[in-house]
Structures are given as structure tokens and as C-alpha cells.
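In what follows, a single structure is set out as C-alpha cells and then discussed.
The values are calculated or read from the model by the stated rules, or taken from the named source; none is laboratory data. This one's a predicted model, so the numbers in the text were calculated from it and none came from an experiment. We place every Cβ from the backbone using ideal geometry, glycine too, and count neighbours over all the protein chains shown.
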Amino acid sequence: MADSDDSSAPLRTLIVDDEPLAVERMQVICADLKSISVVGTASDGAAALRLIEALSPDLILLDMTMPELDGLGVARSLGKIENPPAVIFVTAHDDFAVEAFDLEAIDYVLKPVAGDRLARAIERAVARRGAVRDSSSEWLDELWVPHRSELLRIAVSEVSRIDAERDYVRLHVGPADNVRTYLLLQTIAGLEKRLDPAEYIRIHRSTILRKDNIRGLRHDGLGVWSVELDDGEALRIGRTYLPKVKAMAGR
């Protein structure tokens, strides 16, 4: 995020969207938010990068889908500059959340944008002003998942189980007596690569578990093993994954 001489000053904000009506709507919403000050608008990715260089904004409200250089491309370009502005993606599509998170966006707001939802996203940007990002870890610590008309930010540490459902994964979130589930457009193999192997283990081609929720292993005979969970459920371990699961248990 670009430095500001006064940490209490409004975030200097650039709006980027190729739809004039969307830009106008964002300007109207932003006018009611005292924590930001709109310093410019851009209608395409190339223009956005030029204005970012010229204006050094603190924050960009960035449309995801634009012709030629889209929002993801702009965000990737920001990763190459020193002290880049914070990014809040504003989009009509909920299937780019994982990519957005990989680019360290502050938030991901769905269109049509509600004033209170954008205000919450901007509060996050204000809270991160001047913070030093810890980029030392390659593992995910948060996920965004579609829920009703917005996306929820979920701490990965709250995810106890992940099940594959074709091109989606189902996240099981919360304690055993109050589990909530959410679908995320992501393959289980892709998500596995981003999870800390010290915390999560894949036991089957369609199941990943948080290690903290494993009570023990059970031998069912004929080389078949199962994992016993804290809630008493037993899940069969796939033969491909059995050596790694046994190694976790020191066997």
C-alpha cells in the first residue's frame, strides 16, 4: 500500500471499471465514505497502470473482467512495483476468488455493490494501512467462499475437512457440533498444493482432513485402514495415501 504522511488521512483511491455506469455507482457510494478519497478513475487496465504510476494511490477498486488487460493482469503487474497500492476486487463473478487471494487482494466484493459491503472491505484496507505483509509463507491462511449475495472470508484454520465434488470442493467449517459447509470452485488437487502439510493431510482422492481432527487410525483387515475423527466418524484411507497417513502416525 502506498505510504501516506498521515495515517488518519483518507485512502487515496482509484476506481477501475470499463462500464461507465459502474464507475458512476462506485463514485456515489464512495462519496459517503469518509475513510477514502477518490483521486481518479480508469476504464481499462492499461490506463489504470498509467494512473497508478502518476498518482500513487493507496487503494484500487478494481473490476475483474475488462477487455485486453483485465483486473487480474493489473494486480499481477502491481506485484512488480515497490510499495504497491492495496487492491479490492469488484466483480460480477464469484469464481475468481482463489486467484484474487493469491494476488493478496484485501477483499473481493460482488456486483451489484452494496454500500455497507464496500464499507466493510474498505475498513479492512484502512486497518492494513502501513502494515508489513508477511510473504514468507507459501500456504493459504484465508479463503473466500460464495454465500448468498456475497463472499465470506474464512480462516483456513477453521476448515476441518475438504471433500471433492467434481470441479468444486466442499469445505466443512467450524466445530463438530456446529459445522457449516460451503462450495468453492476449485479442484481438490489445486487446493491441496496451497495447504500447509503440517496442518492438513489428504487421506483419499476425494478427502483432505485437518490433522487436529484425527483421533486415530483403525485397521479394518485385508490391508484396509480408516481414519477415526473426533466426532466418531470413520473415513476410509485410499491405498495411494496410506503410507503418508501412517507416516503421520509414526508407523
Which one of these does Asn178 not meet: (1) surrounded by 12 or more Cβ atoms within 10 Å (Cβ to Cβ); (2) over 16 Å from Glu142 (Cα atoms)?
-> (1)
Those residues that are at pLDDT below 85 and not polar (S, T, N, Q), I need them from the range 120-141; list them, please.
-> Arg128, Arg129, Gly130, Ala131, Val132, Arg133, Asp134, Glu138
Give me a count of the residues in the range 215-244 that are modelled with pLDDT under 95 and buried (at least 19 other Cβ atoms within 10 Å of the Cβ).
-> 0
When the range 41-56 is checked residue by residue, the ones that are within 19 Å of Glu24 (Cα to Cα) and out of contact with any helix residue (DSSP H, G or I) (no Cβ under 7 Å at 6 or more places or on another chain) are Ser43, Asp44, Ala47, Leu51
Does Gly79 fit the bill of being touching a residue at least 40 places away in the same chain (Cβ under 8 Å) and either small (Gly, Ala, Ser) or at positive phi (or both)?
-> no
Top-ranked residue in the range 88-106 [being in contact with an Asp or Glu (Cβ under 8 Å, 6 or more places away or on another chain) and at pLDDT 85 or above; ranked as surrounded by the fewest Cβ atoms within 10 Å (Cβ to Cβ)] = Ile88
Return the residue satisfying two criteria in turn: it lies in the range 33-43 and is farther than 11 Å from Thr13 by Cβ and either modelled with pLDDT of 95 or more or among the small types (Gly, Ala, Ser) (or both), and of such residues it is surrounded by the fewest Cβ atoms within 10 Å (Cβ to Cβ).
-> Ser43
Given (1) touching an Asp or Glu at 6+ places or on another chain (Cβ under 9 Å); (2) free of Cβ contacts under 8 Å to residues at least 60 places away in the same chain; (3) crowded, with 18+ Cβ neighbours inside 10 Å, where does Ile201 come up short, assuming only one miss?
-> (1)
Residues in the range 86-115 that are within 13 Å of the chain's Cα centre (by Cα), not β-branched (Val, Ile, Thr) and not in a loop (DSSP other than H, G, I, E, B) total 8
Tell me which residues, restricted to the range 194-239, are closer than 18 Å to Arg170 by Cβ and part of a loop (DSSP other than H, G, I, E, B).
-> Arg194, Leu195, Arg205, Ser206, Asp231, Glu233, Gly238
Could you tell me which residue of the range 143-164 is surrounded by the fewest Cβ atoms within 10 Å (Cβ to Cβ), considering only residues that are acidic (Asp, Glu) and at pLDDT 85 or above?
-> Glu158
